[in-house]
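First the structure, in the form of structure tokens, and then the observations on it.
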Amino acid sequence: QVQLVESGGGLVQAGGSLRLSCAASGRTFSAYTTAWFRQAPGKEREFVAALSRNGFSTYYADSVKGRFTISIDNTRNTVYLQMNSLKPEDTAVYYCAARAAIGIMTQTALYNYWGQGTQVTVSS
């Protein structure tokens with residue numbers, strides 16, 4: 001079992017940056033494929049970015065490609081989502097997720113572990 005805790009959300013102006021953190025306890029992130037999802041009000045939760053178990057492969061939603069970067073610090077057992085050039089449409093609750101199986105997946109149902117979420121609000 002792994003427990004995930006997100007932090008780093010907040011209010012930022014369009015064009016600004018934020019870095020979200022997802023700290024894991026219970027097991028190391030190297031045993032999991034990790035991902036970030038987000039859910040805007042009235043919308044379904046959607047995939048944002050993912051990192052493979054070995055940390056060598058990443059995958060991004062088209063809407064964030066070139067602006068967001070997912071990374072891991074194994075010494076801190078923490079996964080990050082660096083978000084640059086933020087847009088109002090990036091406003092959502094952002095969730096960290098993990099799955100024990102190998103392979104980057106974009107479907108929420110394939111992730112076993114979830115954090116509580118952190119709010120990101122981008123003002124225009």
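The values are calculated or read from the model by the stated rules, or taken from the named source; none is laboratory data. Since we're looking at a predicted model, the values are computed, not measured. Here the Cβ positions follow ideal geometry from the backbone for every residue, glycine too, while neighbour counts run over all protein chains shown. Ligands, DNA and RNA are excluded from the accessible area calculation, which covers all protein heavy atoms including side chains. Shrake-Rupley method; radii C 1.70, N 1.55, O 1.52, S 1.80 Å.
Some points to look at:
- Cβ pairs under 6 Å, 6+ apart, first in segment 41-59 and among the small types (Gly, Ala, Ser), second open to solvent by 30 Å² or more (accessible area, probe 1.4 Å) and not in a strand (DSSP E or B): Ala50/Ile104; Ser52/Ile104
- Those residues of segment 11-32 which are buried (at least 17 other Cβ atoms within 10 Å of the Cβ), in a strand (DSSP E or B) and of a type outside the set (Gly, Ala, Ser), in sequence order: Val12, Leu18, Leu20, Cys22
- Among the residues making up segment 58-98, those that are open to solvent by less than 60 Å² (accessible area, probe 1.4 Å) and among the β-branched types (Val, Ile, Thr) are Val64, Ile70, Ile72, Thr78, Val79, Thr91, Val93.
- The set of residues in segment 45-64 being assigned to a strand (DSSP E or B) and within 18 Å of Thr108 (Cβ to Cβ) consists of Glu46, Phe47, Val48, Ala49, Ala50, Leu51, Tyr59, Tyr60.
- For Ser52: the one exception among (1) under 13 Å from Leu81 (Cα atoms); (2) modelled with pLDDT under 95: (1)
- Within segment 25-55, the set of residues being touching a Leu at 6+ places or on another chain (Cβ under 6 Å) and hydrophobic (A, V, I, L, M, F, W, C) comprises just one member, Trp36.
- Segment 99-124, subset farther than 14 Å from Ala23 by Cβ and among the polar types (S, T, N, Q), residue most open to solvent (accessible area, probe 1.4 Å): Ser124
- So Arg45, is it among the basic types (Lys, Arg), surrounded by 14 or more Cβ atoms within 10 Å (Cβ to Cβ) and modelled with pLDDT of 95 or more: yes
- For segment 30-82, the set of residues classified as within 11 Å of the chain's Cα centre (by Cα) and among the basic types (Lys, Arg) consists of Arg38 only.
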